[in-house]
Every structure is written in structure tokens, then in C-alpha cells.
Amino acid sequence: MKDIHLLDLINGASGALDYVSSTVTGHHRRVGVGAVAVGGAMGLGLRDTTDLLNASLLHDIGAFSLDLRLDGLDFDTDHTDHARAGYRLLKLHPILDRVAELVLLHHTPWRRLPAYRDPMVPLLANIVNLVDRVDVLNHKGPRRIDRQRIRETIRANAGAIFAPEAVTAFLDLSASAAFWDRMSAPWDHVREGIDTPLADDVIPHDQLIQFSRFFSLIIDFRSRHTATHSQGVAETAATLARLTGMTGQDQERIRLAANLHDIGKLAVPVVLLDKPSTLTPDEFATVRHHASVCETILHTVPGLEDIADWASQHHERTDGSGYPRGLSRDQLSLGSRVMGVADVFTAITEDRPYRQGMTPAQSTAVLRDMARTGSLDADLVTLLLDNFKTMAEVRHAVQEAALARFEQFRAA
Ligand SMILES: [Fe+2]
Ligand SMILES: [Fe+2]
Ligand SMILES: [Fe+2]
């Protein structure tokens, strides 16, 4: 398996956040590019610059799990809530430990920042705070103010809200149009907007799964109906992969794909995800769009190519009737077909707040029917039905555990 670079994955994640609301589109990358420029003018070292960038790219991630209204960029009323939620999400991953601290402090005024054992933490967090403010003021729709006034606002808050040395660096840079141009260019990958050297962090393979679990939390937490869906699909897909004789490594890769398979749902408004009645054709089209969004997001991460295909093809059907591409059996790899079966099996058997999961007899009938019409891979369905009890137990156990974690997270 190829190396996955942390920055590529975080860049992909920040791209995924962009889909949640058109007002936030590009915000994280702009803050990233701007913060690295300010940090560069302050002479930051490699580690500090890289952590600063990673924190900038993820700084508002907590707002997405809290489902705050995302039609403005500054979430005025919930500064501490979304910073804390982001901290708790990122803290789940050891590789993001320091980044989590920066996110926690990204709205704390400079004079109220506590002393840290790691003295750079408050300063780096404050750079995110400053550049975030700049981007918000620069994109506030009708309330947007011009660059000169943004500079004056930042200057006026030096020492109180912003670190004096960060303000000095920002004022130097922002005197030239180049800073603003660079910050507002629609970079596909944040790396293109940066000419400062960065640490090249690679995610160890044994931590990739944990990393993808972290995404599945963000995806699932948005909708109360799907708090545990991704994890149910991951466990059943990996079990099915094992039954087909796929290698241990491929089973893990399937698990990774399953954790990410609904990442495109970030692009679907929660009202649609949670809608109890039937969707209109337009609404259905919006929901279906999540599969191509998944493809777009995951294909930006070098090293995840196969996984991106498996994940984004979970709604393809072997008879060609699926989406997003209408691929048919001979165009779908085993991994994609496994994902399709595991997704349907999990969806129909899991309980949701508004309905009970199907009984074994009902779900068996549905799966048989889908195999018969050629919608799902018939061999895989037979394999699943031959092992129905194991599959059902595996799914149930993992989703119970996931639900407990979800409730713990919400309660904290
Ligand atoms: Fe924020
Ligand atoms: Fe922000
Ligand atoms: Fe889906």
C-alpha cells in the first residue's frame, strides 16, 4: 500500500468541509495559505509551520459535527462550542495532538491565552485566529469591508485579541496586493499556494483506519439517523471481504473505504438526510450527488485511488442501474461489489430513530430479490446469506458500540 501523506488527507478533508455550505467554500484553504504566509514572515520553523497549516485547514471542523448554522463564516454565538468540539474530534487521533490544541484556542483572545508548556501553542493558535478574522471580514457578503479597514481592525486589536508580533507580520504582508491574491486564489491543493517548506508527515498504515474512523464520526454525527451507519458498513464489508478470501490487508482497505463511503453526505443538507417522508425527485438528485462528491474528494488524495473507487461505487448496481456512473458488473471490482452488498445489508437491518430494522426474514427476502434482478452481486449475496447469523451479529455489536461512543461524545 502506498504512503498516505497527512497533508494530502487533511487537504482532502478540508475540501470535504467546503461542500457543507457554499459560504464556507475555500475558507479553510484560504486561512491555511494566509496563516503560513504570516508564519513565514515571523520566521517559524518547519514543525510549527506545518502544525499551523494543519490547524488552519481543520479549524472549524467542530462546527460541522455540531451542525451549527453554516450560512455565515464566523458562527458568532458559538465560538467556544465549535472550538471545543473540534478539539475533541481531533484529540481522538494521536497524530493531531498538537493541532487539536491550536484548534481549541483559535478564538481565544491573545491576552486571555493561558501559558502553555509548549510556548508556541498559544502563538500559533493566535495566528489562526487572526487570519480567520481577516478571511471572515473579507468575505462577509454585504457586510464585507475593504482591505484597508481590515488592516485597521487588526491593528486596533494588537495586544488584546491578537499577538503583537503576528499583527506586525500581517500588516507588513497585507500592504501588498500579492498577499491578498495568494490568499484568495482557488487552490485545488493548498500546497500550490505555499512556497514555505513543510514537514512531510506520513500516516503510518496502522493508523490509517483510526484516521478514517475519525471521518466516519464527522459524517455520521451530522444526522441523528445515521450515527452508526458507516461503522456498520465497515464491519460487515470487512467480514464479507474475509469470507470471499480477500487478504487481511485488503480487508483493512475495505474497512477504510467503508468508513469513508458516505463522506459525500457532507454535501447533502441535514434536512434531507433527516427527512422522514419521501424525497421529491429534486431532493433525491441532491442526495444521490453524495456518491460523486465522494469520488471527487477521495481522488484528491494520492495513494487512496482504489479505496476511492470502492467507496464511491457503493451505489453502483451490477445490472448498471446504479449511480453515479451506471457501471455494470464487469466494470465493478470485487471491492466495489462488496461495498454495495454491505451498504444495503446494513441500511435495511439497522434500526433508525424513525423505524425498526428489518427482521432476518424480511432482509433475506430483499437481498434475494436484489440478487435475482441483478442489482446486487448474486454470489456475494449467497455468501452473505450462508453466513447470515455471523453477519447480523457482527453488525449489531459494532453499531451498539458506536452508538455508545456517539452518545458519550454528544453528552460531553
Ligand atoms: Fe472558528
Ligand atoms: Fe473559521
Ligand atoms: Fe451512500
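Tally time: how many residues in the range 143-164 are away from ligand 1 (no atom under 16 Å from the Cβ) and under 20 Å from residue 44 (Cα atoms)?
4
If only one of 117, 151 is in the same structural domain as residue 30 (by TED's automatic domain parsing), assigned to a loop (DSSP other than H, G, I, E, B) and charged (D, E, K, R), which one is it?
It is 117.
May I ask you to verify whether residue 242 is in the same structural domain as residue 267 (by TED's automatic domain parsing), part of a helix (DSSP H, G or I) and of a type in the set (D, E, K, R)?
Judged against the criteria, residue 242 is a match.
Of the residues 317, 372, 395, which is surrounded by fewer than 18 Cβ atoms within 10 Å (Cβ to Cβ) and among the basic types (Lys, Arg)?
The unique qualifying residue is 372.
Just checking, how many residues over the range 101-121 are away from ligand 2 (no atom under 16 Å from the Cβ) and crowded, with 18+ Cβ neighbours inside 10 Å?
Qualifying residue count for the region: 3.
Check 62, 43, 39 and return the single one that is without any contact (Cβ under 8 Å) to a residue 60 or more places away in the chain and closer than 21 Å to residue 118 by Cα.
Going through 62, 43, 39 in turn, just one is without any contact (Cβ under 8 Å) to a residue 60 or more places away in the chain and closer than 21 Å to residue 118 by Cα: 43.
Does any residue of the range 131-142 turn out to be away from ligand 1 (no atom under 16 Å from the Cβ), in the same structural domain as residue 60 (by TED's automatic domain parsing), more than 29 Å from the chain's Cα centre (by Cα) and over 25 Å from residue 194 (Cβ atoms)?
yes
Tell me which residues, restricted to the range 241-298, are under 23 Å from residue 3 (Cβ atoms) and within 14 Å of the chain's Cα centre (by Cα).
256, 257, 258, 259, 260, 261, 263, 294, 295, 296, 297, 298
Regarding the range 345-356, can at least one residue be identified that is buried (at least 16 other Cβ atoms within 10 Å of the Cβ), aromatic (Phe, Trp, Tyr) and farther than 19 Å from residue 258 by Cα?
no
Among the residues of the range 87-108, how many are within 14 Å of ligand 1 (Cβ to nearest atom), in a helix (DSSP H, G or I) and not aliphatic (A, V, I, L, M)?
Number satisfying all stated conditions: 1.
Considering only residues that are part of a helix (DSSP H, G or I), modelled with pLDDT of 90 or more and among the polar types (S, T, N, Q), look in the range 155-200 and name the one that is surrounded by the fewest Cβ atoms within 10 Å (Cβ to Cβ).
Ranking the candidates gives 168 first.
Is it true that residue 324 is closer than 26 Å to residue 188 by Cα and crowded, with 16+ Cβ neighbours inside 10 Å?
yes
For residue 124, indicate whether it is surrounded by 15 or more Cβ atoms within 10 Å (Cβ to Cβ) and over 24 Å from the mean Cα position of the chain (by Cα).
For residue 124, the condition - surrounded by 15 or more Cβ atoms within 10 Å (Cβ to Cβ) and over 24 Å from the mean Cα position of the chain (by Cα) - is not met.
Among what's in the range 333-344 and is among the small types (Gly, Ala, Ser) and part of a helix (DSSP H, G or I), pick the residue that is surrounded by the most Cβ atoms within 10 Å (Cβ to Cβ).
Only one residue tops the list, namely 342.
Restrict the check to the range 203-219 and report whether at least one residue is within 27 Å of residue 122 (Cα to Cα) and not in a helix (DSSP H, G or I).
Yes, some residue in the range 203-219 is within 27 Å of residue 122 (Cα to Cα) and not in a helix (DSSP H, G or I).
Residues of the range 245-294 being buried (at least 17 other Cβ atoms within 10 Å of the Cβ) and outside any helix (DSSP H, G or I), which ones?
246, 261, 262, 268
Looking at the range 345-391, which of its residues are under 28 Å from the mean Cα position of the chain (by Cα) and in a helix (DSSP H, G or I)?
Within the range 345-391, 345, 346, 347, 348, 349, 391 meet the criteria.
Cβ-Cβ under 7 Å, sequence separation 6+ or interchain: first residue in the range 354-371 and in the same structural domain as residue 399 (by TED's automatic domain parsing) and of a type in the set (Asp, Glu), partner modelled with pLDDT of 95 or more and part of a strand (DSSP E or B). Which pairs?
Nothing qualifies.
Does residue 338 fit the bill of being in the same structural domain as residue 235 (by TED's automatic domain parsing), in contact (Cβ under 8 Å) with a residue 12 or more places away in the chain and within 16 Å of ligand 3 (Cβ to nearest atom)?
Taking the combined requirement at face value, the residue satisfies it.
The values are calculated or read from the model by the stated rules, or taken from the named source; none is laboratory data. For clarity, every value in this text was computed on a predicted model and none was experimentally measured. Positions of Cβ are backbone-derived with ideal geometry, glycine not excepted, and every protein chain shown enters the neighbour counts.
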